[in-house]
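Engineer: Below is one structure. I have some questions about it.
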Amino acid sequence: MTGSVESPIDERNEELTVSVVVCAYTMERFDQTRRCVASILAGDRHPDEVLLIVDENPMLRERLREVLPPEVRVFDSDGHGISDARTMALRIAIGSVVAFIDDDAWADPSWLSELSSAFHDADVLGAGGRVEPDWEDAGAALPPEIYWVVGATYRGHRTDAGPISRPLGCNMAVRREIFLALGGFPSAFGPRSGSKMSSNEELATFTTITNHYSDECVHYVPTAVVHHFAPLSRCTFRYVMSRSTVEGTSKADIRRLFGSSVMAADRTYVREVIGSSVLGYLADAVRDRDPRSLRAAALVAGSLLVTAGAYLTRLVQTGLLSPRPPAGIARTSRAESMHQ
């Protein structure tokens with residue numbers, strides 16, 4: 001590898017073992033969690049283990065233990081929020097590779113075999129697959145440019161296999177020992193018990209990894225597909241603006257931590273995707289008198305403006321402070337050049 005530290009991994013001739021982790025926190029997703037686990041167990045690559053980490057909900061833990069197959073190991077999280085739950089899973093997993101899928105997502109039959117195949121290349125330390133939105137109401141679907149609002153692969157994301165800056169959290173896998181050695185997932189980022197007050201834990205985590213090893217050690221696997229539930233409540237203008245505020249604030253914190261180069265993929269996304277998309281939607285709205293195109297233009301433009309405003313506001317608020325790495329992130333050794 002070309003990074004500052006050589007990869008200690010040499011598994012070319014060793015059998016790959018894979019643990020799959022589902023993190024849950026609410027009874028509202030009880031049936032979805034069961035569907036998620038069922039899709040994992042029905043896949044053409046059976047996991048070596050399935051771990052289900054429950055965050056601050058003993059009732060949910062007990063109900064899941066009652067209904068899930070005995071091979072699924074259910075634990076209480078020893079922390080608070082998704083990042084702590086994922087890091088705990090890394091500590092207790094038996095697999096050399098740990099794959100993560102959200103409790104409100106379900107996997108294609110070939111998901112795990114396709115995602116884990118990336119790790120037959122010893123230089124690959126992390127991987128992510130494609131996430132398709134599973135709309136509760138297809139008529140209220142968001143424009144593809146902002147699918148990231150519902151945790152799905154958005155227009156502007158890489159479409160072919162190859163290096164990326166970070167995967168989407170509901171469809172990713174990592175080499176367990178490498179990620180543990182660098183502190184796991186940062187507890188300062190990521191939602192806590194379903195409240196989306198912070199975000200971009202994947203960007204913080206994988207920037208640490210690529211800085212420490214190589215810009216090309218995280219790969220996109222488009223054939224590894226999961227379907228992520230997108231409720232109607234997350235397709236409203238109000239929710240999109242709220243989520244964009246969190247996005248901008250979190251991105252500013254990450255920019256302060258890692259430097260301006262960490263925003264390279266986001267700048268490309270705005271420059272090459274967002275501007276032309278808004279103009280295209282507006283043109284369609286005028287030409288076809290299409291209210292759906294006008295809604296799409298408003299959502300995309302509004303999301304950009306709110307995200308940028310929150311980002312700049314956060315930088316101004318914290319501009320005189322020395323950046324300190326949040327808990328769970330190791331100091332990195334060089335600036336990142338990202339690929340998306």
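Engineer: Which one is most open to solvent (accessible area, probe 1.4 Å), of the residues in the stretch 113-123 that are touching a strand residue (DSSP E or B) at 6+ places or on another chain (Cβ under 6 Å) and of a type in the set (A, V, I, L, M, F, W, C)?
Structural biologist: Ranking the candidates gives Ala118 first.
Engineer: Now for a different question. Go through the stretch 227-268 and report how many residues are under 22 Å from Pro133 (Cα atoms) and among the hydroxyl-bearing types (Ser, Thr, Tyr).
Structural biologist: 6
Okay, residues lined up against (1) part of a helix (DSSP H, G or I); (2) open to solvent by 50 Å² or more (accessible area, probe 1.4 Å); (3) under 27 Å from Glu202 (Cα atoms):
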{"site": "Asp266", "(1), (2), (3)": "yes, no, yes"}
{"site": "Tyr269", "(1), (2), (3)": "yes, no, yes"}
{"site": "Val273", "(1), (2), (3)": "yes, no, yes"}
{"site": "Val286", "(1), (2), (3)": "yes, yes, no"}
{"site": "Arg292", "(1), (2), (3)": "yes, yes, no"}
{"site": "Leu299", "(1), (2), (3)": "yes, no, yes"}
{"site": "Val306", "(1), (2), (3)": "yes, no, yes"}
{"site": "Thr313", "(1), (2), (3)": "yes, yes, yes"}
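Engineer: Looking only at residues in the stretch 158-171 that are assigned to a loop (DSSP other than H, G, I, E, B) and small (Gly, Ala, Ser), which one is most open to solvent (accessible area, probe 1.4 Å)?
Structural biologist: Looking at residues that are assigned to a loop (DSSP other than H, G, I, E, B) and small (Gly, Ala, Ser), I get Ala161.
Engineer: Could you tell me which residue of the stretch 46-64 is surrounded by the most Cβ atoms within 10 Å (Cβ to Cβ), considering only residues that are within 16 Å of Ile92 (Cβ to Cβ) and not aliphatic (A, V, I, L, M)?
Structural biologist: Asp55
Engineer: Give Ser199, Ser195 a once-over and let me know the one that is within 28 Å of Ser39 (Cβ to Cβ), open to solvent by less than 10 Å² (accessible area, probe 1.4 Å), at pLDDT below 95 and of a type in the set (S, T, N, Q).
Structural biologist: Ser199
Engineer: Of Arg155, Arg130, which residue is open to solvent by 40 Å² or more (accessible area, probe 1.4 Å), within 12 Å of the chain's Cα centre (by Cα) and of a type in the set (D, E, K, R)?
Structural biologist: The conditions single out Arg130.
Engineer: Right, something else. I need the full set of residues from the stretch 231-251 which are under 23 Å from Val270 (Cβ atoms) and open to solvent by less than 30 Å² (accessible area, probe 1.4 Å), in order please.
Structural biologist: If the condition is that a residue be under 23 Å from Val270 (Cβ atoms) and open to solvent by less than 30 Å² (accessible area, probe 1.4 Å), then Cys235, Val240, Met241, Arg243, Ser244, Val246, Glu247, Gly248, Ser250, Lys251 are the ones that fit.
Residue-by-condition table, conditions (1) part of a loop (DSSP other than H, G, I, E, B); (2) touching a residue at least 40 places away in the same chain (Cβ under 8 Å); (3) within 26 Å of Val273 (Cβ to Cβ):
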{"position": "Ser113", "(1), (2), (3)": "no, yes, no"}
{"position": "Ala122", "(1), (2), (3)": "yes, yes, no"}
{"position": "Gly128", "(1), (2), (3)": "no, yes, yes"}
{"position": "Val131", "(1), (2), (3)": "no, yes, yes"}
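Engineer: A follow-up question, please. Pro325 is checked against (1) modelled with pLDDT under 95; (2) surrounded by fewer than 14 Cβ atoms within 10 Å (Cβ to Cβ) and fails just one. What number does that condition carry?
Structural biologist: (2)
Engineer: Looking only at strands (runs of 3 or more DSSP E) that fall completely inside the stretch 23-110, which ones have 3 or more residues that are hydrophobic (A, V, I, L, M, F, W, C), farther than 23 Å from Pro133 by Cα and modelled with pLDDT of 95 or more?
Structural biologist: Per the criteria, 49-54, 72-76.
Engineer: Still on this structure: Checking the conditions here, which among Asp137, Asp108 is out of contact with any strand residue (DSSP E or B) (no Cβ under 7 Å at 6 or more places or on another chain), open to solvent by 10 Å² or more (accessible area, probe 1.4 Å), in contact (Cβ under 8 Å) with a residue 40 or more places away in the chain and under 29 Å from Tyr25 (Cα atoms)?
Structural biologist: None of the other options fit; the residue is Asp137.
The values are calculated or read from the model by the stated rules, or taken from the named source; none is laboratory data. If you're wondering where the values come from, they're calculated on a predicted model, not measured in any experiment. In this analysis, Cβ positions are derived from the backbone assuming ideal geometry, glycine residues included, and neighbour counts consider all displayed protein chains. To get the accessible areas, we keep the full protein, side chains included, count just its heavy atoms, and leave off ligands, DNA and RNA. Shrake-Rupley method; radii C 1.70, N 1.55, O 1.52, S 1.80 Å.
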